[in-house]
Amino acid sequence: MPQGEKLILQQLNQLVSTPSVSSTDPLWDQGNRGVIDLLAEWLEPMGFRVDVQEITPDGGKANLIATRGSGPGGLVLAGHTDTVPFDEGRWQSNPLGIDERDNRLYGLGSTDMKGFFPLAIAAAHAFADTTLQQPLILLATADEESSMNGARALAAAGKPRARAAIIGEPTSLRPIRMHKGIMMEAVRVTGRAGHSSDPALGNSALEGVHAVISELMAYREQLRERYHNGMFRVAYPTLNLGCIHGGDSPNRICGRAELHFDLRMVPGHDNAELRAEIGERISQVAETRGLEIELRSLINDVAAFEQPADSELVRLAEKLSGHSAEAVAFATEAPFLRQLGMETIVMGPGSIDRAHQPDEYLELDQVRPCIELLTQFIRHYCL
């Protein structure tokens, strides 16, 4: 293995060996500061100015903005430092370490997406002796896998800013210019419990949920008719009725029940408008049935993302990669970088099909092509 690839492997092993799980479950949730400190340690000797943006009071979760060069334009190479939780017993090797076998690099976060950072650093190193005319910015964020609070903090702070941004999520090095948005909502229905022998003694929350489901299913069909985007394999919005909790005994009228659902919208909508439409529908159920119904968000929603097909970055990515830009169903931090005024695409090594599961791996044959692609992007935007 060439010396440069040995360094990449060493750096990736250090990143993977540093736990940084983010989760909505406090039992799993960890900080990412160890990963941020490693990246800072490697980038500062390369001439990058390192800015660590703490996003929790204890500093355990943070973003890193590392900048080399200056000017109004430039390029951001971005990635998240956190991983999903894992079940060590289902792995064939230690998830918190790199195991090289079968021309693959196995380890938690190897493809989603700690593996991107050593490759971005290797691409930046190719310009170590070159004066950059516009800034090169390496961005590392926290909590993408849970709350996206890292990206939200960047948007709130109004930085970084550049001409273009590439998020290195696993896309098999194909450019992505569009993805759906995500809303996860809960509907809590409160009725009146009573003895099941006489319906007049209560007001069933479970039957209220049934009415809410009917409304949501009708709304889903309306969304399918209103919004269509042929870029997506599933070309219309999806609304999934995920789970129901309610009741405590078959001989009691249910006094409280809750429905959770997931809505994934194509670009060209406003999340607040959709939530208002849903709220209006379920309020009609509440009024008709004499129930209390509350709609609340389970997560902070993520907007749909679209980078115009005729933008400079999309055209360049298509030219360099040899692939037309595509759309994906999974969400990323791209809407937040677009909010900062940058042309943005998602494009990185590895396959999303290997993410979030045991024996996650990055194909070794993606390493060199990724570095070469990033080198060409840097040359275009920074020289």
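What the table below lists for this structure:
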| item | result |
| --- | --- |
| Within region 327-347, considering residues that are within 24 Å of residue 233 (Cα to Cα) and of a type in the set (Gly, Ala, Ser), the one surrounded by the fewest Cβ atoms within 10 Å (Cβ to Cβ) | 329 |
| Residue 316 being touching a His at 6+ places or on another chain (Cβ under 7 Å), of a type outside the set (Gly, Ala, Ser), surrounded by 14 or more Cβ atoms within 10 Å (Cβ to Cβ) and in the same structural domain as residue 112 (by TED's automatic domain parsing) | yes |
| Any hit, region 306-326, residues being touching a strand residue (DSSP E or B) at 6+ places or on another chain (Cβ under 8 Å), at pLDDT below 95, in a strand (DSSP E or B) and among the charged types (D, E, K, R) | no |
| Exclusive hit being modelled with pLDDT of 95 or more, charged (D, E, K, R) and in contact with a Leu (Cβ under 9 Å, 6 or more places away or on another chain), set 220, 296 | 220 |
| Options 101, 90: the member that is under 20 Å from residue 349 (Cβ atoms), surrounded by fewer than 24 Cβ atoms within 10 Å (Cβ to Cβ) and not β-branched (Val, Ile, Thr) | 101 |
| Residue ranges of strands (runs of 3 or more DSSP E) in region 157-276 with at least 1 members closer than 19 Å to residue 299 by Cβ and of a type outside the set (S, T, N, Q) | 176-179, 181-190, 238-246, 256-265 |
| Qualifying residue in region 84-103 (condition: within 30 Å of residue 157 (Cβ to Cβ) and assigned by TED's automatic domain parsing to the domain that holds residue 156) | yes |
| Index of the failed condition, residue 38 passing every other in (1) crowded, with 16+ Cβ neighbours inside 10 Å; (2) touching a residue at least 60 places away in the same chain (Cβ under 8 Å) | (2) |
| Test: residue in region 21-37 that is part of a helix (DSSP H, G or I), over 21 Å from the mean Cα position of the chain (by Cα), closer than 27 Å to residue 377 by Cα and at pLDDT 95 or above | yes |
| Subset tally (residues that are farther than 20 Å from residue 333 by Cα, under 24 Å from the mean Cα position of the chain (by Cα) and hydrophobic (A, V, I, L, M, F, W, C)) for region 38-77 | 3 |
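Table: residues versus (1) under 30 Å from residue 375 (Cα atoms); (2) surrounded by 15 or more Cβ atoms within 10 Å (Cβ to Cβ).
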site: 243; (1), (2): no, no
site: 257; (1), (2): no, yes
site: 263; (1), (2): no, yes
site: 311; (1), (2): yes, yes
site: 320; (1), (2): yes, yes
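The values are calculated or read from the model by the stated rules, or taken from the named source; none is laboratory data. What you see is a predicted model, and the numbers here were worked out from it, not measured in a lab. Here the Cβ is made from the backbone with ideal geometry for all residues, glycine too, and neighbour counts use every protein chain on show.
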